[in-house]
Each structure stands twice: as structure tokens, then as C-alpha cells.
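Shown next, in C-alpha cells, is the structure this report addresses.
The values are calculated or read from the model by the stated rules, or taken from the named source; none is laboratory data. All figures in this text were calculated on a predicted structure; none of them were measured in a lab. Please note: Cβ atoms are built from the backbone with ideal geometry, for glycine as well, and neighbour counts cover all protein chains shown. With ligands, DNA and RNA removed, areas are computed over all heavy atoms of the protein, side chains included. Shrake-Rupley method; radii C 1.70, N 1.55, O 1.52, S 1.80 Å.
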Amino acid sequence: MTRVAARWTLIGVVALGLIALLRQFGRAPDPTLRPHGPVSDASASSGGTTDRPVPPARSPDEPVRTLTQQLSSLHGALGGGVSPAEAARLLDAAASQLRVSPRAAAVAALLAQLEARVDAATGLRFKVGPGGNLAAAPTFRVWLLDQLGQIDPSVGGSYAAQIYARRDSADEWALALRNDWRASASAGRIAPVRDRALELLHDPNWARQASPGFLEAFDLAVATLAWEAVPQLEQMLDPVRDAALRRAAWVALDRLSLEAPTDFLPTLAQRVDWLQSQPLVRAGLFARADLDDRREREAVEKYLARADVSTEEGTRFFELLPNVNATISHNLATAVRAPSLHQAARLDRAALSLLPAWRTRPEFARWNAAMLAAEQRIGEAVASAVRGGFSPP
């Protein structure tokens, strides 16, 4: 071999070695591979190739169609008679999917199902969870309304009018009221929601077969400060009525006295006709008064001076004073108003400081024994609060 040939042979070996090394680290294309189609600018610049067509742009309506199909499948599964546990699992999974989807698409899909007027039972009981959102929904449509109100309160509030236009379901009305309240309260549009809450309370058919959703909807009368509901709630306290209805009516009355007592108690003191059939309930409501507040104190004094208040009712008032008992639950619209230990201690002190003066008033003389007993009981409570550090000495 000549020197020239040997030189070119050596150059060829070195070149092949470099090509192999570059291939190993991805820096040189394999000359034996050829693209089967045109190479895009992106692939050419990166040294890569593609044999697949570029996918078409995604349609803006595709998320809506996908979610609508998923909700339709959910309705079909519920209609097929799944167990309550499986229904809860399917609904939770669908709710999670709605949360991670574009809000506009989720709202459109929910509205499409609601407008289709399809429904299915879930086997679950209407149950309110934290924040007024449902922990369980009895039907597919109730669940749809709950989701709509959570994902877009404004749209949920607007859609409430569609539910009000029909009287198909008290449970659906309950969610419509909640959604309407969420959209309206911040703007001060309380009166229309109050009117609808009163309309629900006065429906005799819904009251006769009171569903859990119907009973939970009483909370909207509380949230909207519907004092006008008192006579209707009083009727529901009749012993001949269903126990669940009576309890819901009592809770609503009790929470009315807690939600805005400075306005409610003066109104109750003026309306002699309210709660005449339930004097002991009325006594408990007045016993919730904060006697440090001038308007509440004056309302209580006006109540105690009324001739229609029996000795038994007044005695019950003093037995409960100050009434700091509370029902604890999740509600569609209102928050729990349970007093703290420090608040309870302050209410005790306020009552204790006032009782001696009340015992000197002639119009309260018939309750002198009840006031003395209350003074002793509350004095012991104040001393206990001082020892526990909940009240100053």
C-alpha cells in the first residue's frame, strides 16, 4: 500500500469513529434513516424527524362536550340502580373532574344537564356539610344544583329563577335558595330571597311530607331575617305535627333570636300575638338576651311587664337566664352562633348585676322567688368562671 492510500485509509477510519461517537450522544443523524414525510422546521432545527401528522387544534367546545358526556354517563349509572356507597363514589369523582376543568365548560355542562330535566335517585340522604355545601345529595338534579352553586355562585343564583318557576321539589328549592342567597347577599338583594323562603315555608304539601331538604331550607328564613316566618313556625310546633318538622321549626325560631337579637327581640316583645301557643319557647328566646345591650334589655323588660305573660312563662325565663345553649350543625346559609366560655361568663355577669334592681320593681313582684333563685344560681356560675379564669374577679 502506498503512503497516500494508507493516509486516506486512516482518515476514513477516524471519520467513521467520529460518526459513531456522535450517534451515541445524539449529535449526528443516522445517515441510514430517512424521514417518510416532510420534516417540520422544528424537527429540522433539532435534528429530529417525524412520521406523524400534526394533530388538529382542539375545539373550544370539546371540554363542554366531554363533560356533558361524562355527566350523562353519571346519570345513566345512577339510574341503573347502583348502591348508595357507589353513588357517593361516582358523584365525588365527577365533582373532582368538574373542579379541574375550565370553569366555563363545567358550568355549561351542568346547565345542559339541568335543562335536559333528567333525574335519578342516589339513595343518599340530603345532608349539609361545611360551608353550606352538600355532603350528600338525594338526587342527580340536587347534586347538579349544588355543584353549580359552588363552581359559579353568580350563575347558580341566576338559575334559581328556573327552579322557582316550578314546584317540582322542595329539595331543589333548598339549593336554589342557597344559591340565590350566595349571589344576592353581598349585593344587598335580600328581600327577594326572603320572599321565596317564606313561600317555601307556607307550602302545605311540602310541610305535610317534609323532606330533609325542605327542613334545611328553614335556614334561609333565618339568614334573611324573616321575622314574618314566626307565626308559620309557631303552627309547625303544634304537637300533632311530625317530630322532625317541629324540631326544625324550633331550631329556626331559636336561630332567629341569635342571628340578630337586637332587632328580633324588640319585635317579638311588641307582637303579643306571636308564640301565644308556645309560651315556654318564647321564654327561652327572651332568655337569650344580652342584658348589657340597651335595646335587648328594654325588650326583655317590656316582655316581662306584659299582662299576657303567665307566671309559669316568666318563671321559665328566669330559670334559663342567660340562655347560652346552642344547636351545633352545618347550615345552608348561616354560621353557628354558639357563645364561647368567655361570652357566657360575660352574659352571666350582666344578668347578675341587673337582677337586684328588677326585684325592686312592682310589676316584676310575682317572680320574686324565681329572681332570687336565678340570682343564686348565676352568682355561683360567675364565681366558677372567676376561678376558671374565664371572668375577671
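For region 266-280, which residues satisfy the criterion of being within 14 Å of GLY314 (Cβ to Cβ) and either open to solvent by 20 Å² or more (accessible area, probe 1.4 Å) or of a type in the set (Val, Ile, Thr) (or both)?
Across region 266-280, the qualifying residues are PRO279, LEU280.
What are the pairs, 6+ residues apart or on separate chains, where a residue within region 166-179 that is farther than 23 Å from GLY131 by Cα has its Cβ under 8 Å from a residue that is assigned to a helix (DSSP H, G or I)?
Correct list of pairs: ARG167/TRP173.
What is the number of the single condition among (1) at pLDDT below 95; (2) assigned to a loop (DSSP other than H, G, I, E, B); (3) under 31 Å from the mean Cα position of the chain (by Cα); (4) crowded, with 16+ Cβ neighbours inside 10 Å that ASP290 does not meet?
Going through the list (1) at pLDDT below 95; (2) assigned to a loop (DSSP other than H, G, I, E, B); (3) under 31 Å from the mean Cα position of the chain (by Cα); (4) crowded, with 16+ Cβ neighbours inside 10 Å, ASP290 breaks only (1).
Going residue by residue through region 181-193, is there one that turns out to be surrounded by 23 or more Cβ atoms within 10 Å (Cβ to Cβ) and closer than 28 Å to PRO153 by Cα? Before the answer, list the steps.
Restricting attention to region 181-193, the residues satisfying the condition of being surrounded by 23 or more Cβ atoms within 10 Å (Cβ to Cβ) are 181, 193.
Still in the list and also closer than 28 Å to PRO153 by Cα: 181, 193.
Yes, that holds for at least one residue.
Here is a yes/no grid of residues against (1) under 27 Å from SER329 (Cβ atoms); (2) β-branched (Val, Ile, Thr); (3) touching a Leu at 6+ places or on another chain (Cβ under 8 Å):
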{"residue": "LEU256", "(1), (2), (3)": "yes, no, yes"}
{"residue": "LEU265", "(1), (2), (3)": "yes, no, yes"}
{"residue": "LEU268", "(1), (2), (3)": "yes, no, yes"}
{"residue": "ARG271", "(1), (2), (3)": "no, no, no"}
{"residue": "GLN276", "(1), (2), (3)": "no, no, no"}
{"residue": "LEU280", "(1), (2), (3)": "yes, no, no"}
{"residue": "ALA283", "(1), (2), (3)": "yes, no, yes"}
{"residue": "ASP293", "(1), (2), (3)": "yes, no, no"}
{"residue": "LYS302", "(1), (2), (3)": "no, no, no"}
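Of all residues in region 317-343 being within 21 Å of MET371 (Cβ to Cβ) and polar (S, T, N, Q), which is modelled with the highest pLDDT? Show your work before the answer.
Initially, region 317-343 is screened for residues within 21 Å of MET371 (Cβ to Cβ), giving 317-325.
Subsequent filtering for residues that are polar (S, T, N, Q) retains 323, 325.
Working: ASN323: 96, ASN325: 90.
Among those residues, the one meeting the criterion is ASN323.
Can you tell me which of SER96, SER73 is open to solvent by 30 Å² or more (accessible area, probe 1.4 Å), within 19 Å of GLY149 (Cα to Cα) and not basic (Lys, Arg)? Reasoning before the result, please.
Numbers: SER73 fails: within 19 Å of GLY149 (Cα to Cα).
Criteria check complete, one pass: SER96.
When you scan region 137-165, how many residues do you find that are within 15 Å of the chain's Cα centre (by Cα) and open to solvent by less than 20 Å² (accessible area, probe 1.4 Å)?
Number of matching residues: 11.
Of these, ARG58, ARG125, which one is basic (Lys, Arg) and modelled with pLDDT under 95?
On the way: ARG125 fails: modelled with pLDDT under 95.
One residue alone meets the criteria, ARG58.
Going through region 245-263 one residue at a time, which ones are free of Cβ contacts under 8 Å to residues at least 40 places away in the same chain and of a type in the set (Val, Ile, Thr)?
So in region 245-263, the residues free of Cβ contacts under 8 Å to residues at least 40 places away in the same chain come out as 245-250, 252-253, 256-257, 260-263.
Passing the criteria: only THR262.
Considering region 294-325 alone, what residues qualify as being hydrophobic (A, V, I, L, M, F, W, C), open to solvent by less than 40 Å² (accessible area, probe 1.4 Å) and part of a loop (DSSP other than H, G, I, E, B)?
Hits for region 294-325 are VAL309, LEU321.
Within region 360-393, can you find the residues that are touching a helix residue (DSSP H, G or I) at 6+ places or on another chain (Cβ under 9 Å), closer than 30 Å to ASP308 by Cα and open to solvent by 50 Å² or more (accessible area, probe 1.4 Å)?
ARG361, GLU363, ARG366, ALA369, LEU372, ALA373, ARG377
Would you list the helices (runs of 4 or more DSSP H) that sit entirely within region 209-248 and hold 3 or more residues that are under 15 Å from the mean Cα position of the chain (by Cα) and at pLDDT 95 or above? Step through it out loud before you land on a result.
On the way: elements: 212-216, 218-223, 230-236.
Fully inside region 209-248 and qualifying: 212-216, 218-223.
State yes or no: is PHE390 of a type in the set (Phe, Trp, Tyr) and at pLDDT below 95?
Values: of a type in the set (Phe, Trp, Tyr): yes; at pLDDT below 95: yes.
It is true that PHE390 is of a type in the set (Phe, Trp, Tyr) and at pLDDT below 95.
Among the residues of region 262-285, is any in a loop (DSSP other than H, G, I, E, B) and at positive phi? Spell out the reasoning first.
Kept after step one, since they are in a loop (DSSP other than H, G, I, E, B), are these residues of region 262-285: 271-278.
From what is left, the residues that are at positive phi are 275.
Yes, some residue in region 262-285 is in a loop (DSSP other than H, G, I, E, B) and at positive phi.
Anything in region 103-117 that is open to solvent by 40 Å² or more (accessible area, probe 1.4 Å) and either closer than 28 Å to LEU215 by Cα or at pLDDT below 95 (or both)? List them, or say none.
Passing the criteria: LEU111, GLU115, ALA116, ARG117.
Go through region 326-353 and count every residue that is part of a helix (DSSP H, G or I), open to solvent by 30 Å² or more (accessible area, probe 1.4 Å) and of a type outside the set (Lys, Arg). Walk me through it before giving the result.
Filtering region 326-353 down to residues part of a helix (DSSP H, G or I) leaves 341-353.
Pick out the ones that are also open to solvent by 30 Å² or more (accessible area, probe 1.4 Å) and you get 341-343, 346, 349, 352-353.
Among the residues that remain, those that are also of a type outside the set (Lys, Arg) are: 341-343, 352-353.
Selection size over region 326-353: 5.
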